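Okay, so here's the structure we're looking at.
We did not get these values from a lab; they are worked out from the coordinates using the rules stated. Everything numeric in this text was worked out from a predicted model, so none of it was measured. Counting neighbours? That spans all protein chains shown, and the Cβs are built from the backbone with ideal geometry, glycine included.
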Amino acid sequence: MTTSHRRYHITTFGCQMNKADSERMAGILDNMGMAWSDDPNEADLILYNTCTIRDNAEQKVYSYLGRQAKRKQQEPNLTLIVAGCVAQQEGEQLLRRVPELDLVMGPQHANRLEDLLEQVFAGNQVVATEAVHIMEDITSPRRDSRVTAWVNVIYGCNERCTYCVVPNVRGEEQSRTPGAIKAEMEQLGQQGYKEITLLGQNIDAYGRDLGGSTETGRHLHTLTDLLYYVHDVEGIDRLRFATSHPRYFTERLIKACQELPKVCEHFHIPFQSGDNEILKAMKRGYTIEKYRQIIDKIRNYMPDASISGDVIVGFPGETEAQFEKTLQLVEEIGFDLLNTAAYSPRPGTPAALWEDQLSEEAKSDRLQRLNHVVSTTAMKRSERYLGRIEEILVEEQNTKDPTQVMGRTRGNRLTFFPGNIEQLKGQLVKVKITEIRAFSLTAETVD
């Protein structure tokens, strides 16, 4: 089937890894001659890149899919694809639930989209969820931004946290070679991108599967070594990385972040609970004391560093006293931002089968109380910016006020200030912070 006149639409749910995968799949579809459609109802191919971390995200996928499945009954040439973690989790069961689907593909098959579509266009329903070695993708992604970009450095996760479905749906850890990562970054630098975020579900595990060791016995390839290797890529002004795991976070990495001027002083390190017994039940592999030591070391080297993380409330068996330890930790650490969530039982995870599940009312109550503390703490952290001169990388126009542009500080705080996006996009601009909020700032330019 010819694809030159077909239009596609991709809806992405979930994490940064999914966003990066969607950009790659969009690049493949562009390369096949298809054109992007802003309106899914005008597209001939619809792809849902899905998330199964929490049940509400999964149910949203089925709601979207149901509407398009009805449309396909009237328009049989419509191609429907479910990609990502729900596809990996459900596999052929998705076809039984939604027989209008043409392609079900797990995240490790994102780079194979063109080959899979050839089978679809030949008249087949296709399920691609088997474990594979992830191939290097030579197709240029269709990036959502022209200033900042994601670059995957490691796929999958070997951890077995009792609440998490990621290892089941994203497979084992597979690190890209340093050369392939640097080559992609060099291309981005040549295209005018200014900031790159290196991505991994567990980025501190980078290189463990590549083999080799140094004379001192550590892995030959680590995230720290990768930062040194890619730091001087021409055209790139800023580097970030996510997501870190406290079990593998090292002082050597912290030192590298201090030494390398392009690496931003922002660390995203999930802690998930403020109680050691809950962490043990989660099989996280560290204690709160270890987590505090990491934060102390970061602030010893970089006192102004921004710290963000992830936390779950209402884990099975969590008592009120254990929850209050989480609140205490949030206040004492002083997080700049926290991604908060109530525990959601996921298929195939041990914790989903435990009997001591909390009620939805209890989980909702704790989440609301936590969010209040998070906002209060973030506001306190924002206070240090007032009156300060900050360097902002301009990314976009403020959609709510077209006289303003928006960008981020090195510490990842969203900042708005007056300016012309046509003149400032992609520029590093010095501003003075004039107004603070919990999660964003307002500024004015300085000479």
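How would segment 7-128 be classified by its alpha-carbon gyration tensor: rounded, prolate or oblate, with rounded meaning a/c under 1.5 and the a/b versus b/c comparison settling the rest?
In terms of gyration-tensor shape, rounded.
State, as an integer percentage, the relative contact order of segment 63-118 based on alpha-carbon contacts under 8 Å between residues 6 or more apart.
Working: 53 pairs, mean separation 19.4, N = 56.
Worked out over segment 63-118, it gives 35 percent.
Kindly write out, for segment 426-439 in residue order, the coupling ³J(HN,Hα) from the Karplus curve 6.51 cos²θ - 1.76 cosθ + 1.60 (θ = phi - 60°), rounded to whole Hz, with x marking Gly and Pro.
Running phi through 6.51 cos²θ - 1.76 cosθ + 1.60 with θ = phi - 60° gives x, 9, 8, 10, 7, 9, 10, 6, 10, 8, 10, 9, 4, 10 Hz.
Projecting each Cα onto the charge dipole of the chain (Lys/Arg +1, Asp/Glu -1 at the beta carbon, about the Cα centre), which of A26, H372, Q16 comes out farthest on the positive side?
So the residue furthest toward the plus end is H372.
Given a cut-off of under 8 Å on Cα pairs at least six residues apart, what relative contact order in percent is computed for the chain?
On the way: 901 pairs, mean separation 45.1, N = 447.
It comes to 10 percent, rounded to a whole number.
Distance between Cα centroids, segment 87-106 to segment 264-328: provide it in whole Å.
36 Å
Running a GNM on the chain with Cα contacts under 10 Å, which residue among R252, R146, R410 ends up with the highest mean-square fluctuation?
Of the options given, R252 has the highest mean-square fluctuation.
Using the Cα centre as the reference, give the magnitude of the dipole from point charges on the C-beta atoms of the chain (Lys, Arg: +1; Asp, Glu: -1; all else neutral), rounded to the nearest 20 debye.
Rounded to the nearest 20 debye, it is 440 debye.
Tell me whether segment 292-395 comes out rounded, prolate or oblate; compute the Cα gyration tensor, take square roots of the eigenvalues as a ≥ b ≥ c, and use a/c under 1.5 as the rounded threshold. Intermediate values should be presented prior to the final figure.
Working: a/c = 2.25, a/b = 2.21, b/c = 1.02.
Here segment 292-395 falls in the prolate category.
Please label the shape of the chain as rounded, prolate or oblate, based on the square roots a ≥ b ≥ c of the eigenvalues of the alpha-carbon gyration tensor (a/c under 1.5 means rounded; beyond that, a/b larger than b/c means prolate, else oblate).
On the way: a/c = 1.45, a/b = 1.20, b/c = 1.21.
Rounded.
Out of P107, P40, P99, any idea which swings most in a Gaussian network model of the chain, alpha carbons joined below 10 Å?
It is P99.
For the chain, what does -39500 (n - 2.57) per DSSP helix run (n ≥ 4), summed and divided by total residues, give at 222 nm, in deg cm²/dmol to the nearest 500?
-10500 deg cm²/dmol
Got the relative contact order for segment 386-445 handy, in percent, Cα pairs under 8 Å and 6 or more residues apart?
Values: 139 pairs, mean separation 22.0, N = 60.
Relative contact order comes out at 37 percent.
Considering the dipole of segment 143-264 built from charges on the beta carbon (Lys and Arg +1, Asp and Glu -1) around the Cα centre, which of T216, A180, N152 is farthest to its positive end?
Positive-most Cα among the choices belongs to N152.
Would you list, by chain and number, the lysines whose Cα falls below 23 Å from the Cα of K325, excluding same-chain residues fewer than 8 positions away?
Straight-line reach from K325, under 23 Å: K280, K283, K290, K297, K363, K380.
Between Q74, Q258, Q93, find the one with the highest GNM mean-square fluctuation for the chain; connect C-alpha pairs within less than 10 Å.
Q74
List every residue whose amide H lies under 5 Å from the amide H of Y206, counting only residues 5 or more places away in sequence or on a different chain, with H placed 1.01 Å from N in the peptide plane.
Residues meeting the criterion, in which the H sits 1.01 Å from N, are L223.
Counting other Cβ atoms within 10 Å, keep those with at most 16, restrict to DSSP loop, and tell me which GluC sites (Glu not before Pro) in segment 214-289 are left. It would help to have the intermediate numbers written out before the result.
Working: sites: E215, E234, E251, E259, E265, E277, E289; in loops: E215, E234, E265.
Sites meeting the loop and neighbour criteria: E215, E234.
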